[in-house]
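First the structure, in the form of structure tokens, and then the observations on it.
The values are calculated or read from the model by the stated rules, or taken from the named source; none is laboratory data. A quick note: this is a predicted structure, and the numbers were derived from the prediction, not measured. Reconstructed Cβ throughout: ideal geometry from the backbone, glycine too, with neighbour counts over all protein chains shown. These area figures cover heavy atoms from the full protein model, side chains too; ligands, DNA and RNA do not enter into them. Shrake-Rupley method; radii C 1.70, N 1.55, O 1.52, S 1.80 Å.
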Amino acid sequence: MKKVIGGEAELEKSELYEYFTDSGRSSIKLILNRLKGKIFLIPNYICEIILKIFDEYEAEYSFYNINKDLSIDDESITNKQYDVLYVINYFGMDHKIGNTIKTNKIVIEDNVFLPIFSNNQYCDKWVGFNSFRKISPLADGSLIKSSFSLSKSIITKKTYLEYSKIKY
């Protein structure tokens, strides 16, 4: 598998594909671009920006419940029809979804509050991302790790420069 990071990160042996984007939003867009036509199950406690991105990509989605302690209400997932489960690890919380997720489903882990993350649930079809803006002094940037390849064609230097210029 071709590594795209370089430097010291190149030394780490990984079975995952890794990508850098300019933001968590761009990471979500890259992931949704790869998962077109899938039905998503997303938490009912979610940032409005994420919903706008799903709507922009005309993604079909429904909601599952989040408990008051920010854990997943497993029962609200059990009888739902979906292809992709979107999990948010709120403030670095690591959900245990192994018993909840069916083996043929894709899992997206939103790790925007985690500097280091991996496929800790050992899902066959998994993609996770973070946001450097939320975990460091950096104003932008996001790391994606995935068990399947994503199309890098929507990551463009022009988009990055425009976004960064506005943000800085």
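Calculate, for D83 and F113, the FRET efficiency according to 1/(1 + (r/R0)^6) with r their C-beta to C-beta distance and R0 35 Å; round to the nearest 0.05.
Taking R0 as 35 Å, the efficiency between D83 and F113 is 0.85.
Once you order the gyration tensor axes a ≥ b ≥ c over the Cα atoms, which shape class does region 21-71 get: rounded for a/c under 1.5, otherwise prolate or oblate by comparing a/b with b/c?
oblate
Calculate, in nm to one decimal, what D55 and K152 gain on full extension: separation in residues at 0.36 nm each, minus their alpha carbon distance.
Here the segment from D55 to K152 would lengthen by 32.8 nm.
Given a 1.4 Å probe, how much area per residue of region 10-65 is accessible, in Å²?
Accessible area per residue: 56 Å².
Report the label-to-label distance for S62 and M93 in nanometres (one decimal), using points 7 Å from each Cα along the Cα→Cβ vector.
Label at S62, label at M93, 2.3 nm between them.
If a/c stays under 1.5 just call it rounded; otherwise compare a/b with b/c (prolate if a/b is bigger, oblate if not). Do that for region 60-125, with a ≥ b ≥ c from the square roots of the Cα gyration tensor eigenvalues.
Cα axes put region 60-125 in the oblate bin.
Order the peptides 83-91, 116-124 from the highest to the lowest mean number of other Cβ atoms within 10 Å of their residues.
Packing order, densest peptide first, comes out as 83-91, 116-124.
Only sites in a loop by DSSP and with at most 11 other Cβ atoms within 10 Å count here; which GluC sites (Glu not before Pro) in region 33-79 make the cut?
Here the GluC sites (Glu not before Pro) that fit, given the DSSP loop and packing criteria, are E58.
Longer than 21 Å from Cα to Cα, which of K105/K134; K105/K145; K105/K152; K38/K96; K36/K105 are they? Say none if no pair is.
Exceeds cut-off: K105/K134; K105/K152; K38/K96.
At 0.36 nm per residue, and after removing the present C-alpha to C-alpha distance, how many nm does the segment from N44 to E15 gain when stretched out fully?
Stretched out fully, the N44 to E15 stretch lengthens by 7.3 nm.
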